[in-house]
Amino acid sequence: MAQVENELPVHLMHGKPQKKSRGYYYVTPDGRQKYRTREENYQQNRSPKQKWHTASFVWAHQQITLLWQDPQQRKQIEADWKQAMRLTPDGKRYPDPKGWRFAMLQMQWKEEHPYEAWYADYLQNITETADRKTAAADTSDYMLRQQIDILSARLEDLRARLNH
């Protein structure tokens, strides 16, 4: 943190001065202005469930963009929205047809890709990536240790099955 000297409260800044700035300004409770740099990682997907929701959002966004460009499709969406009385099947009310159709597209994607099946594919993809990285010539120690942990867990599971 850097101490920024400003005498007049008019000159106190809040937030980022520019879009590409690495940090932001803030004012402490005692009235002093400070500047803090931080890595903006708050929008990263953290859990598989969040990644599943994000995948539905991305697909719905692509579809609604294509549908909304066509005037005939737009009229059809507006008619469907009015017929559904602005409600989605889960009972949420949408004031505009585009938002309603977007929510319907997200539901459609989630029905076509149930979480359990998507999660199995997700784990398979992670395993393949880890195998590919450990088979490479420049494998990191972290990836080797992670593979050892995974294989040890599989070995324990197989031994438990054998004992039963």
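Yes or no: W59 more than 24 Å from W118 (Cα to Cα) and either part of a helix (DSSP H, G or I) or of a type in the set (D, E) (or both)? Taking the combined requirement at face value, the residue does not satisfy it. Only one of the numbered conditions (1) over 17 Å from the mean Cα position of the chain (by Cα); (2) at pLDDT 90 or above; (3) over 30 Å from Q146 (Cα atoms); (4) not charged (D, E, K, R) is not met by T88, and that is (2).
For residues that are out of contact with any Asp or Glu (no Cβ under 6 Å at 6 or more places or on another chain), assigned to a helix (DSSP H, G or I) and either open to solvent by less than 60 Å² (accessible area, probe 1.4 Å) or basic (K, R) (or both), tally how many sit in segment 85-142. Let's see the steps before the verdict.
Let us first name the residues in segment 85-142 that are out of contact with any Asp or Glu (no Cβ under 6 Å at 6 or more places or on another chain), namely 85-96, 98-142.
Of the ones still in play, those that are also assigned to a helix (DSSP H, G or I) are 98-112, 115-135, 141-142.
Still in the running and either open to solvent by less than 60 Å² (accessible area, probe 1.4 Å) or basic (K, R) (or both): 98-107, 109-110, 115, 117-118, 120, 122, 127, 129-130, 132-134.
Total satisfying the criteria: 23.
For a quick check of your reading of the model, give me the residue pairs whose first member lies in segment 106-131 and is closer than 25 Å to T65 by Cβ, whose second is among the charged types (D, E, K, R) and outside any helix (DSSP H, G or I), with beta-carbon atoms closer than 8 Å and at least 6 apart or on different chains. Pairs found: M107/D90.
The values are calculated or read from the model by the stated rules, or taken from the named source; none is laboratory data. As the structure is a computational prediction, the values presented were derived from the model and not from experiment. Note: ideal-geometry Cβ built from the backbone for every residue, glycine included; neighbour counts use all protein chains shown. For accessibility, only protein heavy atoms count, side chains too; no ligands or nucleic acids. Shrake-Rupley method; radii C 1.70, N 1.55, O 1.52, S 1.80 Å.
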